[in-house]
Amino acid sequence: MKYKKVNQQFKKSFNNLVKSSKCIIITGHTSADDDSIASCLATYHYLTTKYKTKKDVQIIYSGTPVTRFHSFLNFDKIQFVNDLANNLPQSGLLILLDGNTFSRFTYKPDIIKQSNLKTICLDHHGSPPDKFTLSAISPQASSTSELVYQTMFVDIKINKDVSEIILMGIFGDTGTFSYIKPNQLNVLDISKRLLKISQIEIQEFKARYQSIPIRVFEIIKELLKNTKHHQKTDDNSFQSSYISREFVDQYKFNDEEISEASHIYAAHYLRAIDGFRWGFVITPKNTDCSISLRSLPGSVSVRNIMERMEIGGGHDRAAGGEIKSLNPVDAVLIMIDWINKNKLVTS
């Protein structure tokens with residue numbers, strides 16, 4: 001069953017699937033970010049509070065631990081493994097949050113597709129989705145955390161810990177309300193309720209989990225050093241950067257550090273330079289390369305690029321994927337070549 005928004009029918013179907021499942025696995029996309037982690041932690045709290053010891057509920061992520069969220073309730077319950085697909089039960093329910101294709105959660109999507117697991121997807125990305133037992137995929141939502149709130153918490157009393165978790169996810173995907181569109185004002189009402197419960201000061205609250213480790217700052221400096229600006233005559237000039245494998249190997253940076261540095265660089269620099277309204281950053285990941293793209297309103301749809309290249313997806317303003325190349329420098333050239341040969345879509 002597919003829904004375009006969270007409504008009473010979806011919530012009823014969601015709870016029916018949960019009731020009928022003894023084993024429930026919750027997961028978020030690889031390269032976990034604020035919204036992904038928040039959605040998983042909030043869902044875990046809802047299920048373990050509602051059903052207590054009656055169900056086996058676990059949070060399992062593909063990838064290395066993302067430790068900056070350690071202060072949030074139940075973060076210690078998250079299991080970070082090499083691959084989600086290798087750690088699933090024979091039967092039960094898999095809840096997938098903040099992504100709408102199995103490849104966003106595992107490097108072996110066919111294993112999940114061929115399993116006997118029932119699946120629920122809650123997501124706010126606009127890319128073409130895979131098929132799930134039940135889904136609510138709403139690109140109009142500000143974040144998956146907002147959808148989790150609407151599904152599980154809108155009608156019940158919640159405490160300070162849960163309010164902080166959901167706020168963390170909303171802040172992450174809205175840039176602390178900077179990216180909200182006119183059709184997303186409902187998230188301000190949700191945030192008002194959560195802020196009243198949590199009684200946080202936003203800047204102080206964010207400092208708990210957004211401080212930059214020295215090693216991550218070293219990667220950001222390398223990204224700035226490798227930044228290039230590419231002039232185009234059609235007002236689609238763009239910016240690129242990368243991290244080489246040699247740099248990663250020399251200083252023994254791990255995936256968490258690389259992912260965090262890439263996220264900070266993309267959020268603060270990729271669309272901030274005058275005259276360069278969009279761009280991408282490429283980093284090594286396993287035997288391939290990860291790419292993150294950002295753009296400003298009225299410029300290039302980076303989601304469209306990822307979908308047409310068939311390597312990823314996301315939002316018009318923020319998207320990502322993986323390039324089949326061992327060398328990040330080569331991956332940059334692949335991207336530039338594709339950009340020069342194809343007409344870019346604006347939105």
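The values are calculated or read from the model by the stated rules, or taken from the named source; none is laboratory data. In this text, all values refer to a predicted model and were calculated from it rather than measured experimentally. Glycine also receives a Cβ, built like all others from the backbone with ideal geometry; neighbour counts cover every protein chain displayed.
With respect to the conditions (1) more than 15 Å from Thr106 (Cβ to Cβ); (2) crowded, with 18+ Cβ neighbours inside 10 Å; (3) in contact with a strand residue (DSSP E or B) (Cβ under 7 Å, 6 or more places away or on another chain), Ser36 falls short on a single one, namely (1). Taking the conditions (1) touching an Asp or Glu at 6+ places or on another chain (Cβ under 7 Å); (2) assigned to a helix (DSSP H, G or I) in turn, Ile200 satisfies each one other than (2).
Only one of the numbered conditions (1) buried (at least 19 other Cβ atoms within 10 Å of the Cβ); (2) assigned to a helix (DSSP H, G or I) is violated by Asp110, and that is (1).
Residue-by-condition table, conditions (1) farther than 17 Å from His125 by Cα; (2) in the same structural domain as Ile137 (by TED's automatic domain parsing); (3) at pLDDT 95 or above; (4) outside any strand (DSSP E or B):
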| position | (1), (2), (3), (4) |
| --- | --- |
| Phe247 | yes, no, yes, yes |
| Leu270 | yes, no, no, yes |
| Phe276 | yes, no, yes, yes |
| Val281 | yes, no, yes, no |
| Pro297 | no, no, no, yes |
| Gly321 | no, no, no, no |
| Met335 | yes, no, yes, yes |
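Looking across the stretch 44-66 at every residue that is modelled with pLDDT of 90 or more, of a type in the set (Val, Ile, Thr) and in a helix (DSSP H, G or I), the one that is farthest from Ile25 (Cα to Cα) is identified as Thr49.
Here's the yes/no breakdown for (1) without any contact (Cβ under 8 Å) to a residue 40 or more places away in the chain; (2) closer than 13 Å to Thr151 by Cβ; (3) part of a helix (DSSP H, G or I):
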position	(1), (2), (3)
Val6	no, yes, no
Lys12	yes, yes, yes
Val18	no, yes, yes
Ser21	no, no, no
Ile24	no, no, no
Thr27	no, no, no
Ser31	no, no, no
Ser36	no, no, yes
Ala42	no, yes, yes
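Would you check if Ala42 is touching a Ser or Thr at 6+ places or on another chain (Cβ under 9 Å), over 21 Å from Tyr107 (Cα atoms) and of a type outside the set (S, T, N, Q)? Yes, satisfied. One residue alone among Asp130, Asp189, Asp155 is in a loop (DSSP other than H, G, I, E, B), over 19 Å from the mean Cα position of the chain (by Cα) and among the acidic types (Asp, Glu), and that residue is Asp155. For Phe80, the conditions (1) touching a residue at least 60 places away in the same chain (Cβ under 8 Å); (2) outside any helix (DSSP H, G or I); (3) not charged (D, E, K, R) are fulfilled apart from (1). The single residue among Tyr46, Tyr51, Tyr61 that is touching a Phe, Trp or Tyr at 6+ places or on another chain (Cβ under 6 Å) and either crowded, with 18+ Cβ neighbours inside 10 Å or without any contact (Cβ under 8 Å) to a residue 60 or more places away in the chain (or both) turns out to be Tyr61. In the stretch 76-105, the residue that is surrounded by the fewest Cβ atoms within 10 Å (Cβ to Cβ) out of those that are among the aliphatic types (A, V, I, L, M) and over 16 Å from Leu134 (Cα atoms) is Val81.
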